[in-house]
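Working notes for the structure below.
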Amino acid sequence: MTNIAMPIAIEEYERGRKKTACFIRTNTTTIMATVFPPIRWVVPGYVPEGLAILAGRQKLGKTWLAIDWAIAVACGGTAMGAVDCEQGDVLYIDLENGPRRIQRRIDTLCPDERRRPDLSRLDWVGEAPMLNRGFLDALDDWRLSVDKPRLVVIDVLQRVKPPGNANQNSYESDYATLSGLQHWATEHGIAVVALHHTKKGGAEDPLEALSGSNGLSACADTTLVLDRDQNGVTLYVRGRDVEEKESALKFTAGYWTVIGEASEVRRTDERSVIVQFLGGNREPITPTDLAAALGWKPNNTKQLLFKMAQKGEVLRDKGRYFLPPDNPDNRTNPNGIEAR
């Protein structure tokens, strides 16, 4: 009797319950038949439409890099000396530098007034409301006032980020703070690049290096990390619409320039170190001893030596490596040793 009555009771409850919400569903067939516009790239390969966070240590050059992107987009020019950008309107929200410093930086990048590109599509803002106090309304006002809005730079995020919510943990608070900005950027197909700092000491995963909680990188569509180590400066990028990569950059007189894929540049530099070391070494050396002398990891050193031997950059005899006698860097010229 209980088994019969229970379904009836549930049915009556469902029938009398007020409906408050429902899912809006889209069938897979409909999705697959839809033709979506291509991703809009603002800095191709690095910054697509949506919210991006550009993080790095203080005084490393984040602002110079952001200005480089802003000028390239406003002029339809080249970013980082290598990346062609489609022209569009740019809003740079500069909350730390001021007009005088901006002028000096533009003069550094474009010193010849006669050859200075048309920068009329690049606007600057020195004050802005907090993200939860009218910031999106102000962005929308700018968007509707220009012909082709493509890029917004926020320098820096911390100046418009409201205090955390006491009822949320830091992850929840950071995510909630950026969610409206992320939605605005993706809805209108505009790239918003927010500059941010990294933690002291770094992290094994670049996304873990961002100051604050992981809610920032989780909400952002793209995260870029500018970093420097003993091998030079790199720009790491990971995102929902961008292929993960790490580029080696060079900074000279205000200009950032991409010099290649970081791993290849690093490998080339490491090869040069090995050649220089072997060139002055009196005897052939094992990978283990070479790694110890250079302070490198033994396995990585062994692999790199093996690849160099395959290309003839070094020679090997009984597990020990040395430079070919005809190598101009060979200052010891170990005659009589042949590769096996």
**Request:** Provide 174, 205 in ascending order of the number of other Cβ atoms located within 10 Å of each residue's Cβ, fewest first.
**Result:** 205, 174
**Message:** Just to confirm a number: summing +1 for Lys and Arg and -1 for Asp and Glu over residues other than residue 47 whose beta-carbon lies under 11 angstrom from that of residue 47, what do you get?
**Reply:** -1
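How would you order 21-32, 208-219 from highest to lowest mean count of nearby Cβ atoms within 10 Å? Intermediate results must be reported in sequence, preceding the final value.
Values: 21-32: 6.8, 208-219: 19.0.
For the peptides 21-32, 208-219, the packing ranking is 208-219, 21-32.
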**Fill in**
Here the net charge surrounding residue 213, from other residues whose Cβ is less than 10 Å away from its Cβ (Lys, Arg +1; Asp, Glu -1), is -2
**Label point 7 Å beyond Cα of residue 253 along Cβ direction - residues of region 111-147 with amide nitrogen under 19 Å** = 111-117
**Message:** Please report the spacing between the Cα centers of region 100-120 and region 253-282 in Å, no decimals.
**Reply:** 33
**Request:** Using every pair of alpha-carbon atoms in region 41-243, split the distances into 10 Å bins beginning at 0 and state the percent of pairs per bin, rounded to integers.
**Result:** 9, 37, 39, 14, 2, 0
**Prompt:** Okay, helix-only estimate at 222 nm for the chain: each DSSP H run of n ≥ 4 adds -39500 (n - 2.57), divide by all residues, round to 500 deg cm²/dmol; what do you get?
**Reply:** -11000 deg cm²/dmol
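Per-residue counts of other Cβ atoms within 10 Å, averaged by peptide: what ranking do you get for 79-87, 96-104, highest first?
On the way: 79-87: 17.1, 96-104: 12.1.
Most protected by this proxy first, the peptides run 79-87, 96-104.
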**Prompt:** What is the distance, in nm, between label points placed 7 Å from the Cα along the Cα-to-Cβ direction at residue 183 and at residue 261?
**Reply:** 3.9
**22 Å Cα-Cα reach of residue 59 towards lysines, excluding residues that sit fewer than 8 places from it in its own chain** = 161, 199, 200, 250
**Item:** Ratio Rg/Rh [Cα only; Rh per Kirkwood] for the chain
**Value:** 1.15
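Would you please give the FRET efficiency between residue 326 and residue 112, computed as 1/(1 + (r/R0)^6) with r the Cβ-Cβ distance and R0 = 41 Å, to the nearest 0.05? Walk me through the numbers before you get to the answer.
Values: r = 47 Å, r/R0 = 1.16.
Using R0 = 41 Å, I get an efficiency of 0.30.
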**Prompt:** Against the longest principal axis of the chain, how steep is helix 2-16, in degrees 0 to 90 to the nearest 10, with axes from Cα atoms?
**Reply:** 80
**Asked** Measuring from label point to label point, each 7 Å out along Cα→Cβ, what is the residue 273 to residue 318 span in nm?
**Response** 2.9
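What order do you get for 175-181, 140-146 when each peptide is scored by the mean count of other beta carbon atoms within 10 Å, highest first? Intermediate values should be presented prior to the final figure.
Values: 175-181: 19.4, 140-146: 12.4.
Ranking, from highest mean packing down: 175-181, 140-146.
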**Request:** Specify the angular offset, from 0 to 90 degrees and rounded to the nearest 10, of the alpha carbon long axis of helix 99-109 from the longest principal axis of the alpha carbons in the chain.
**Result:** 40
**Fill in**
With label points set 7 Å from each Cα along the Cα-to-Cβ direction at residue 82 and residue 102, the distance between them in nm comes to 3.0
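Quick note: the coordinates plus some simple rules give every number you see, no bench work behind them. None of the values given here were measured: they were computed from a predicted structure. FYI the Cβ positions are ideal-geometry reconstructions off the backbone, even for glycines, and counts take in every protein chain you see.
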